[in-house]
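The next block holds one structure in the form of structure tokens; read it before the comments.
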Amino acid sequence: MVIERRTISDVVEAAEKDFGYTFSHICDGTATGQFTVGEEHLNQLKTPYGGLIFNLADIVSGLANLSLHG
């Protein structure tokens, strides 16, 4: 299996398009991301789905890694 390497701009573009995330800092092994919670992000208890938060953490950590080893 061949795994295609993605660039920082590829990851940012996909995350912005697919999840509405934005990134204000990606440099020197760190990254900062955020999103605005909308009605579509809420579960039946009216709190954000945990998966969205963990997904953002996963993408931000990947971007931080790419900023060092991209």
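FYI, it's all coordinate maths here, none of it is from the lab. The model shown is predicted, which means the values in this text are computed figures rather than measured ones. Cβ sites come from the backbone with ideal geometry, for glycine too, and all protein chains shown count toward neighbours.
Couple of notes before you dig in:
- Those trypsin sites (Lys or Arg not before Pro) in the chain that DSSP places in a loop and that have at most 14 other beta carbons within 10 Å: Arg5, Arg6, Lys46
- Loop-located GluC sites (Glu not before Pro) in the chain, at most 11 other Cβ atoms within 10 Å (DSSP): Glu4
- Between the C-alpha center of segment 39-70 and that of segment 1-28 there is a gap of 12 Å.
- Residue among Gly33, Gly20, Gly51 with the largest mean-square fluctuation in a Gaussian network model of the chain, springs linking Cα atoms under 10 Å: Gly51
- Stokes-Einstein, applied to the Kirkwood radius of the chain over Cα pairs at a viscosity of 1.306 mPa s and 10 °C, places its translational diffusion at 123 µm² s⁻¹.
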